[in-house]
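Visitor: Sharing a structure below in structure tokens format, with a few things to ask.
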Amino acid sequence: MAQYDVVIIGGGPGGYNAAIRAGQLGLKTAIVEGRGKLGGTCLNVGCMPSKALLHASELYAAATGPEFAKLGIEVKPKLNLAQMMAQKAESVEALTKGVEFLMKKNKVDYVKGWGRIDGVGKVVVKAEDGAETVLETKNIVIATGSEPTPLPGVTIDNKRIVDSTGALSLPEVPKHLVVVGAGVIGLELGSVWKRLGAEVTVVEFLDRILPGTDTEVANAFQKILTKQGFKFSLGAKVTGATASAKGVKLTHEPVAGGEASTIEADYVLVAIGRRPYTQGLGLETVGITPDKRGMIANDHYKTGVDGVWVIGDVTSGPMLAHKAEDEAVACIELIAGKAGHVNYDIIPGVVYTSPEVATVGKTEDDLKAAGVAYKVGKFPFLANSRAKINHEGDGFVKVLADAKTDRILGVHMVGPNVGDMIAEYCVAMEFGGASEDVARTCHPHPTRSEALRQAAMGVEGWTMQA
Ligand code: FAD
Ligand code: NAI
């Protein structure tokens, strides 16, 4: 019987980063994954394939729309959807193989099959052919991730009514795609199909998009998407959907009460959130009971049962790959007797649309609710020379700093490339930086990063360029 220091159940960003760190620290480690490939949701059906399609569709839209023509580039692009999907699949395959290589490099055993906890210190893995392997271990790390939340009354068939996985592989460009949920998945994958030619209608329960995001940023972003042709039906409750071979009839009614309406679409994407995944995991054998949402609670990744740890989407906090990765490293370091730690106040969030939305720290709504005195610095991309010359002036940067100490409390942006640029503020905030620190840091010209600096200057009231 195999004897380990750590057995990790789940091969996503949480699981594989935990495995790498454990290997680096000399712990005898196994990773158990049931889907046949490492990389989890993120690499197989999440972050990476969605970004492959966002990248390709953005270029296609630039070439087909007025953008190229305005630059003096005249082309007649033709969509080859099969090739777009094939290059996505190839990149995903390369990434998952890369993770497999990293397991070997770090001397981690990759055990293929579905893992089930069978009491403290024991994991039983059932392979595709039904064969079972027993792994004995000092520590079990649960990293089983999440799955799409179902919508009552709407059956996902992944033909006409799809979840995010189905929406990453539609066989054709829909004439009309209805997206249920104006969250990250709905707006990213809605953007992909919109750029490829679909009409896109987003039906959202709340009266705003991107709940949890700074309201001013979300409202500005909604205006930009509307300008791009998105249609929004906010404050609307979906009451049912019927699919046929031709398409879907979706009914919804105002949340505030009123008349029901029917929308016809050829495809419907349901993206109303994700829920923790713990099916068949044998939690009862160690006395762990998930909460009502299916989530396993943790205190510094400890489940409350000695030797059983939990990280990533299956536990509390934002369901983001980089959060799972950070927890993975911290959890393994704690197992190895080191001081692992994650700063949950500085976990950035990005929506990879065009323009992008990026956010870190407290929103203005949070600060108002908590009664914190703050100062605001703002800078529009229209006044940033690089963004202007590139014809990408939509959006702005907003920096929130403590009124007394000037410490940066939150940064919220919509604009070109802001998903990469937010990292500058993450570092500044990790160092306990003040807005003046960023304002007095030399930034290269001409770059869009200067807008981030100008917004910090704005906190002190000495923005130079707007
Ligand atoms: P997962 O990645 O879900 O991995 C869990 C793995 O465990 C799965 O492979 C599953 O098969 C396996 N498993 C489950 N139970 C068992 C078992 N009993 N035995 C063996 N194996 C098991 N996040 C970002 O930060 N940026 C993005 O751009 C982004 N884009 C996304 C786009 C989409 C369409 C989706 C759906 C998600 C996106 N996410 C993104 C979220 C991101 O994918 C998750 O936060 C991340 O994958 C969580 O990592 P994890 O390791 O906790 O779980
Ligand atoms: P989400 O939580 O981001 O958004 C769901 C939306 O659906 C919300 O606006 C919510 O109000 C709405 N909603 C809920 N119930 C509804 C109903 N019955 N009818 C209509 N609307 C309803 O969830 P989403 O978009 O499914 O994504 C899941 C998670 O995956 C995200 O929270 C995020 O953690 C992760 N993700 C991250 C990405 C990134 O970092 N770029 C990209 C994609 C996913």
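The values are calculated or read from the model by the stated rules, or taken from the named source; none is laboratory data. Computed from a predicted model, the values in this text were never measured in an experiment. Here the Cβ is made from the backbone with ideal geometry for all residues, glycine too, and neighbour counts use every protein chain on show.
Visitor: Give region 190-212 a look and list any residue that's near ligand 2 (Cβ under 8 Å from one of its atoms) and buried (at least 21 other Cβ atoms within 10 Å of the Cβ), or say none.
Guide: VAL203, GLU204, ILE209, LEU210
Visitor: Every residue in region 244-256 that is within 14 Å of HIS176 (Cβ to Cβ) and not β-branched (Val, Ile, Thr), please.
Guide: In the first step, residues of region 244-256 are kept if they are within 14 Å of HIS176 (Cβ to Cβ); the result is 246-250.
LYS246, GLY247, LYS249, LEU250 - these are the residues of region 244-256 that are within 14 Å of HIS176 (Cβ to Cβ) and not β-branched (Val, Ile, Thr).
Visitor: Taking the stated definitions as given, is PRO150 out of contact with any His (no Cβ under 8 Å at 6 or more places or on another chain), within 16 Å of ligand 2 (Cβ to nearest atom) and either within 25 Å of GLY294 (Cα to Cα) or not β-branched (Val, Ile, Thr) (or both)? Give the steps one after another, and end with the answer.
Guide: Working: out of contact with any His (no Cβ under 8 Å at 6 or more places or on another chain): yes; within 16 Å of ligand 2 (Cβ to nearest atom): yes; either within 25 Å of GLY294 (Cα to Cα) or not β-branched (Val, Ile, Thr) (or both): yes.
Yes: the conditions hold for PRO150.
Visitor: Being touching a strand residue (DSSP E or B) at 6+ places or on another chain (Cβ under 6 Å) and crowded, with 24+ Cβ neighbours inside 10 Å is the filter here; which residues of region 371-394 pass it?
Guide: Scanning region 371-394 gives GLY377, PHE379, PHE381.
Visitor: Here's a follow-up. Search region 179-208 for residues that are under 19 Å from GLU264 (Cα atoms) and pair each with any residue that is assigned to a helix (DSSP H, G or I) and among the basic types (Lys, Arg) when their beta-carbon atoms are under 8 Å apart and the residues are at least 6 apart or on different chains.
Guide: Within 8 Å, the pairs are VAL200/LYS194.
Visitor: Confirm whether LEU95 is within 30 Å of TYR60 (Cα to Cα) and part of a loop (DSSP other than H, G, I, E, B).
Guide: On the way: within 30 Å of TYR60 (Cα to Cα): yes; part of a loop (DSSP other than H, G, I, E, B): no.
Taking the combined requirement at face value, the residue does not satisfy it.
Visitor: Next question, about the same structure. Tell me, which strands (runs of 3 or more DSSP E) wholly within region 234-331 include 3 or more residues that are within 16 Å of ligand 2 (Cβ to nearest atom)? If you could, list the steps in order and put the result at the bottom.
Guide: Details: elements: 236-243, 248-254, 261-265, 267-270, 274-276, 308-310.
Filter on region 234-331 gives 236-243, 248-254, 261-265, 267-270, 274-276.
Visitor: I want to confirm something. Restricting to region 213-233 and keeping residues that are of a type in the set (Ser, Thr, Tyr) and within 23 Å of GLY349 (Cα to Cα), which single residue is nearest to ligand 2 (Cβ to nearest atom)? Walk me through how you get there before you give the answer.
Guide: Step one: list which residues in region 213-233 are of a type in the set (Ser, Thr, Tyr), which gives 213, 215, 226, 233.
After this cut, where a residue has to be within 23 Å of GLY349 (Cα to Cα) as well, the list is 213, 215, 226.
On the way: THR213: 9, THR215: 13, THR226: 16 Å.
Result: THR213.
Visitor: All but one of (1) more than 16 Å from ligand 2 (Cβ to nearest atom); (2) within 27 Å of the chain's Cα centre (by Cα) hold for GLY26, so report the exception by its number.
Guide: Tallying (1) more than 16 Å from ligand 2 (Cβ to nearest atom); (2) within 27 Å of the chain's Cα centre (by Cα), GLY26 fails exactly one: (2).
Visitor: Moving on to the next point. Of the conditions (1) modelled with pLDDT of 95 or more; (2) more than 30 Å from LYS223 (Cα to Cα); (3) within 16 Å of ligand 1 (Cβ to nearest atom); (4) touching a Lys or Arg at 6+ places or on another chain (Cβ under 7 Å), GLY307 satisfies every one except a single condition; which number is it?
Guide: Single failed check for GLY307: (3).
Visitor: If we keep just the residues of region 8-53 that are within 20 Å of ALA271 (Cβ to Cβ) and more than 9 Å from ligand 1 (Cβ to nearest atom), which is surrounded by the fewest Cβ atoms within 10 Å (Cβ to Cβ)?
Guide: Within region 8-53, the match that is surrounded by the fewest Cβ atoms within 10 Å (Cβ to Cβ) is ALA52.
Visitor: Taking helices (runs of 4 or more DSSP H) that do not extend beyond region 336-445, which have at least 2 residues that are without any contact (Cβ under 8 Å) to a residue 12 or more places away in the chain? Walk me through it before giving the result.
Guide: Values: elements: 364-370, 385-389, 418-430, 435-439.
In region 336-445, 364-370, 418-430 are the helices (runs of 4 or more DSSP H) which contain 2 or more residues that are without any contact (Cβ under 8 Å) to a residue 12 or more places away in the chain.
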